[in-house]
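Down below is the structure, laid out as structure tokens.
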Amino acid sequence: ISSSGSTDVSSSSPTAPAGGKHVRITASIGVASIPHDALSEDALVDAADRAAYFVKSRGGDAVATAAESLSIAGRFEPTGPTPVESETSAMEDLLDAVAGD
């Protein structure tokens with residue numbers, strides 16, 4: 001992981017023949033996980049997609065997690081709970097209250 005929070009994969013980018021020329025193949029990859037970055041499949045795909053677009057906006061050819069992309073973009077302070085962690089905690093409190101615990 002670089003100081004920018006994403007893994008640079010450019011040094012290992014292969015080339016491939018295309019129309020008589022060699023073109024460089026790159027990848028911009030976003031990684032997200034349940035329950036840290038999302039609570040549903042749709043939200044998981046959205047979080048990973050945002051992370052991939054974050055990588056592309058910084059030049060591409062790297063990997064970043066959803067949390068890294070939000071932290072670096074200044075959208076939340078990583079020292080506190082993530083939005084998903086806060087939502088999960090609130091849901092657990094609600095379930096405990098309904099169960100009478």
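The values are calculated or read from the model by the stated rules, or taken from the named source; none is laboratory data. Please read these numbers as outputs of a predicted model, since none were measured by experiment. In case anyone asks, the SASA skips ligands and DNA or RNA and just uses the protein heavy atoms, side chains included. Shrake-Rupley method; radii C 1.70, N 1.55, O 1.52, S 1.80 Å.
Restricting the search to segment 33-48, which residues are of a type in the set (Asp, Glu) and open to solvent by 80 Å² or more (accessible area, probe 1.4 Å)? I'd like the intermediate steps shown before the answer.
Initially, segment 33-48 is screened for residues of a type in the set (Asp, Glu), giving 37, 41-42, 46.
Scanning segment 33-48 gives Glu41, Asp42, Asp46.
All but one of (1) part of a helix (DSSP H, G or I); (2) of a type in the set (Val, Ile, Thr); (3) modelled with pLDDT under 70 hold for Thr79; which doesn't?
Failing condition for Thr79: (1).
Quickly run through segment 19-32 and pick out the residues that are small (Gly, Ala, Ser) and open to solvent by 50 Å² or more (accessible area, probe 1.4 Å). Let's see the steps before the verdict.
Looking only at segment 19-32, we keep the residues that are small (Gly, Ala, Ser), and these are 19-20, 27-28, 30, 32.
Gly19, Gly20, listed by residue number.
I want to confirm something. Restricting to segment 82-91 and keeping residues that are part of a helix (DSSP H, G or I) and either of a type in the set (Val, Ile, Thr) or at pLDDT 80 or above (or both), which single residue is most open to solvent (accessible area, probe 1.4 Å)?
Looking only at segment 82-91, we keep the residues that are part of a helix (DSSP H, G or I), and these are 83-91.
Now drop any that are not either of a type in the set (Val, Ile, Thr) or at pLDDT 80 or above (or both), which leaves 84, 88.
Working: Val84: 19, Thr88: 43 Å².
If we take residues in segment 82-91 being part of a helix (DSSP H, G or I) and either of a type in the set (Val, Ile, Thr) or at pLDDT 80 or above (or both), then Thr88 is most open to solvent (accessible area, probe 1.4 Å).
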